[in-house]
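A.B. asks: Before anything else, here's the structure in question.
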């Protein structure tokens, strides 16, 4: 028992230090490179998997001079063509990623392929001497964690970064700073959700490409909603709780989009972090009312983040102290304190208009948050852009990336265990060896 | 063994503001439980008195009383009697039926608007406590015209403070402060080792500066200020205190502060005195007891203001003490006109031009 606790603490500390070192490394690098792009030391990279997500990243990559795309790879010709058009740097194209990896003039690879290929390509990339950016989830099968870890350890000078882009979001960084500074008190519950009314299906012109295009629907390739959607918020909860879960329960079903797919269209899961900390995540494809987001709830406050908007609520908590205090109260002036409890935008979409009482008072409350160092006025860059800039900065400055192996491993492992809990109906626990 | 002193402080959102309770005792669990009782009661009162909730008892009365007599819960009825009494004794300066005027000016769920004179005339026909008939024997309410509305917005928070103090007292707490955000508060007893509860009265031009400090003991204080709610249109600023006799916002007044034994009375009278101004308030105080009124009045020069303090008979016994400091004496030569900055640590109105016209 004692060992388990020690192990737990060690694991948490490790994740914490990995994360904070990464966060420290991230931001100055961003600024330095964004302001001083060195034309001669751009990272030469190949991009593997130029489908929908790949092209999303490629569009951001077109604006990052710290990296230069000299090769792309996709086994589906229309996607290969789309990738070349998106990046616009006339890369060489490959259908076999191993040929791309054979090129000695490529420093790094970015991988945005179906989940079941992640571990193989990551390992091959590292063994080919490349720095690797791998989309989340980091791997598909539990045993792949150890395989990647071994290879990564054998190539310590190569950056391995996982594409959990919320780690590069100033909104989420601010939120976690608030958590860390105690603005929420003791955090006991993270509630998160991804909701959308969508078939999650991509159009397939030729039926023979169905499983290739809609790989997310099939269990041979995909971890379903937990891997594609849940992984983001699993990582947010890991971040907030500074560790990994100890167990997870879950349920789910294929109840609405019965179109031949194999993965669930709605899932519900509760991750237990020990010590009273829990994370409830759910995802559904038949109702998008609640959009995407997370609520981080402590005994002294709540952070309610929906899409790109974060609101901080102070929990009204009685303060008990002993002995008399200096009592100095106000008449006619306490409204600003009330405003903090009403909810303060930590990322207003636009500045409050100075049109009336409530706006002025919430402005005052935000100034107050800023004075405590826990308020940022707006997201200064897209988190996708931020994570990609960080990848190149990590390579060029030999620094730990914003999402290193440990964070990606904890995230992917929780996806796998949550899916197992849902599929078996059994509580699934983390053992000492698994992480 | 002598029990240790425990201080409890909690805040709670209700009635569009934040209620605060500070209480001293010896048992943290007990004080916390008393706090729960207080805030449950405040929530219950909001549910009963709110005109923002269609299901509240007051909303039902407003919808029904023009067509038939409506029976009210005894405590609410008592409050309505009190409100109508205040309406009559202040010549309608406080008017429990002024809700339609607030709506016409957009202060009810609105952003503020300027109604036309003819609209104001229309609305004024539906305002006046003379149209409210209270049958004390039957405990019923009847309106004698359609469109009338009871609105406890200028008395309800003070009333809630009084009810909260009742609970605190009932549970044996002797040192407590109950405050309803910006408007009303009651100081029960005094903090351990202190003469009273120190209350800073905000400068009418700055929420972070004190215009005066007063120590309260078994006394309530209520404020009506032009800075609480207002809207701007063009170059004009319209504050939320409407004079029910004209249907227009009161001008040339920054704040009216009332000290009284009951927070309910202080709340209603701070609105009334704001509307009535210094001279009419003086007349009122000549025929009433145990009240003190403090005005902050605009000055012709920029962001300065004048103070006026008026007292009724018995005001020396209501438990309000203004500290006297050497600084105050030194500055008192400036005849009660000051900037907010220099007023922070002074209470010089006590010897100022308007001071102490006890009636």
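A.B. asks: With only alpha-carbon atoms in the gyration tensor, what are the semi-axes of the equivalent ellipsoid for the stretch B:57-143, in Å, largest first? Please list the in-between numbers first.
C.D. replies: Details: eigenvalues 126, 40, 28 Å².
Whole-Å semi-axes of the equivalent ellipsoid: 25, 14, 12.
A.B. asks: Relative contact order of chain B: what whole-number percent is it, with Cα pairs under 8 angstrom and at least 6 residues apart?
C.D. replies: Values: 753 pairs, mean separation 51.1, N = 359.
Relative CO of chain B lands at 14 percent.
A.B. asks: What ranking do A:244, B:279 get, fewest neighbouring Cβ atoms within 10 angstrom at the top?
C.D. replies: B:279, A:244
A.B. asks: Rounded, prolate or oblate: pick one for chain B, where a ≥ b ≥ c are the square roots of the eigenvalues of its C-alpha gyration tensor, a/c under 1.5 means rounded, and failing that, prolate if a/b is larger than b/c, else oblate.
C.D. replies: Cα axes put chain B in the oblate bin.
A.B. asks: Also: Just how far, in whole angstrom, is the stretch A:187-209 from the stretch B:1-65 if you go by their alpha carbon centroids?
C.D. replies: For the stretch B:1-65 versus the stretch A:187-209, the Cα centre distance is 45 Å.
A.B. asks: Arrange the following residues from fewest to most other Cβ atoms within 10 Å of their Cβ: A:186, A:396.
C.D. replies: Lowest to highest Cβ neighbour count: A:186, A:396.
A.B. asks: Quick check on the stretch A:173-300: what does the Kirkwood estimate of hydrodynamic radius come out to from the alpha carbon pairs, in Å?
C.D. replies: Working: mean 1/r = 0.0631 Å⁻¹.
That comes to 15.8 Å for the stretch A:173-300.
A.B. asks: Let me ask something else. Can you put B:126, B:169 in order of Cβ neighbours within 10 angstrom, beginning with the fewest?
C.D. replies: B:169, B:126
A.B. asks: Where in the stretch A:128-165 is the amide nitrogen less than 14 Å from a point lying 7 Å along the Cα-to-Cβ axis of residue A:98?
C.D. replies: Residues passing the 14 Å test: A:128.
A.B. asks: To continue, here is another question. Please say if the stretch B:1-87 is rounded, prolate or oblate, where rounded means a/c under 1.5 for a ≥ b ≥ c the square roots of the C-alpha gyration tensor eigenvalues, and otherwise the choice is prolate for a/b larger than b/c and oblate otherwise?
C.D. replies: prolate
A.B. asks: Helix-only mean residue ellipticity at 222 nm, chain B, DSSP H runs n ≥ 4 weighted -39,500 (n - 2.57), per residue, nearest 500. What is it? Each step should come with its number before you reach the end.
C.D. replies: Working: 9 runs with 109 residues, N = 359.
Per the formula, -9500 deg cm²/dmol.
A.B. asks: Next question. Run the quick spin-label model on residue A:211 and residue A:319: label points 7 Å from Cα toward the beta carbon, then report their separation in nm to one decimal.
C.D. replies: 6.4 nm
A.B. asks: How would you classify the stretch B:122-185 from its alpha-carbon gyration tensor, with a ≥ b ≥ c the square roots of the eigenvalues: rounded for a/c under 1.5, else prolate if a/b is greater than b/c, otherwise oblate?
C.D. replies: Oblate.
A.B. asks: How many partner chain Cβ atoms sit within 10 Å of a residue's Cβ in peptide B:222-231, on average, as a whole number?
C.D. replies: Other-chain Cβ atoms within 10 Å of each residue's Cβ, averaged: 3.
A.B. asks: Further question: Given labels modelled 7 Å from the Cα in the Cβ direction, how far is it in nm from residue B:40 to residue A:255?
C.D. replies: 3.6 nm
A.B. asks: Right, here's the next one. Note down the relative contact order for the stretch B:57-143 as a percent, whole number, built from C-alpha pairs under 8 angstrom at least six residues apart.
C.D. replies: Computed value for the stretch B:57-143: 39 percent relative contact order.
A.B. asks: Between residue B:289 and residue A:181, what FRET efficiency follows from the Cβ-Cβ distance if R0 is 45 Å, with the result rounded to 0.05? Intermediate results must be reported in sequence, preceding the final value.
C.D. replies: On the way: r = 53 Å, r/R0 = 1.17.
Computed FRET efficiency for residue B:289 and residue A:181 comes out at 0.30.
No lab work stands behind these numbers, since they all come straight from the coordinates. This is a predicted model, so every value here is computed, not measured. When we count neighbours, we look across all protein chains shown, and the Cβ atoms used for this are built from the backbone with ideal geometry, even at glycine.
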